[in-house]
Amino acid sequence: MTTTMNHNIIVPTVIKDVIEFRPQIHGDSRGYFFEAFRASWLEDCGVSVSFVQQNQSFSQQGVLRGLHYQTVQPQGKLVRALSGEIYDVAVDIRANSATFGQWVGIVLNDQLKNSLWVPAGFAHGFLVMSKTADIAYQCTDYYHPSSEISIHWQDQDLDIQWPLESGDITTSAKDDAGIAFKSVPQLPQESTIDSTKI
């Protein structure tokens, strides 16, 4: 069930704490305008966060980055494709979560101009589907490289259905050496979404 708030469509996913936002785009012969972010979008869902860091990456088609998370300073992320298209994935690694070990995948692109809220307590990764893609994501805490963990993107227990064949996917040496999901240090559960408001 989708909900419209502040001229923005909120689309719940199969994991209630992960939410897709679709902005209302105002376009004419001159071009277009839309609100890429409003704090009230998250607040209306019962989420109170502040962003302290914004990252941007550029990748070629078939590049897969992830699945990453930090055990120190866990980051909530609001992810958007500035150009191109990606398949964005969030994996629940919160201890005692009813959806622990489950994942959700959402297409983000520069046509919908949608974004995905990935709370702290989730591993995150994405696969570039278009020729190239520019990705930006706002983070609720600072990057802490010494505590970063990479879960292997082909983990058999997670069985993520990436929408490209593995032979067409390019990863880093770090991500190829990612650990098995059954070995991951779990993070504290922090329920962030008030589902009665969606």
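Computed over the chain, the per-residue total of -39500 (n - 2.57) for DSSP H runs of n ≥ 4 gives a 222 nm mean residue ellipticity of -1000 deg cm²/dmol, rounded to 500.
May I ask for the distance between the Cα centers of segment 88-142 and segment 20-79, given as a whole number of Å? Between the Cα centres of segment 88-142 and segment 20-79 lies a distance of 9 Å.
Only Lys, Arg, Asp and Glu carry charge here, each on its Cβ (+1 for the first two, -1 for the last two); on that basis the chain has a dipole of about 300 debye about its Cα centre. In loop segments of segment 1-99 as defined by DSSP, the trypsin sites (Lys or Arg not before Pro) with at most 11 further C-beta atoms inside 10 Å of their C-beta are R30.
Computed with the Debye formula from one identical point scatterer per Cα of segment 48-187, without solvent, the log10 of I(q)/I(0) at q = 0.11, 0.15, 0.17 Å⁻¹ comes to -0.36, -0.69, -0.91. Among beta bridges identified by DSSP and lying wholly in the chain, the antiparallel ones come to about 95 percent.
Run the numbers for I169 and Q102: contour at 0.36 nm per residue of separation, minus the present Cα-Cα distance, in nm.
21.9 nm
Cβ crowding within 10 Å, taken as a proxy for footprinting-reagent exposure, orders E35, E85 from fewest neighbours to most as E35, E85. When the trypsin sites (Lys or Arg not before Pro) in segment 130-192 are filtered for DSSP coil states and for at most 14 other beta-carbon atoms within 10 Å of their beta-carbon, the remaining sites are K131. Of the chymotrypsin sites (Phe, Trp or Tyr not before Pro) found in segment 56-107, those that fall in a DSSP loop while having at most 14 other beta-carbon atoms within 10 Å are F100.
Any read-out appearing in this document is the output of simple, stated calculations on the displayed coordinates, not a laboratory observation. Keep in mind that what you see is a predicted model, and the values were worked out from it rather than measured. Because the Cβ atoms are built from the backbone with ideal geometry, glycine has one as well, and the counts that use them run over all protein chains shown.
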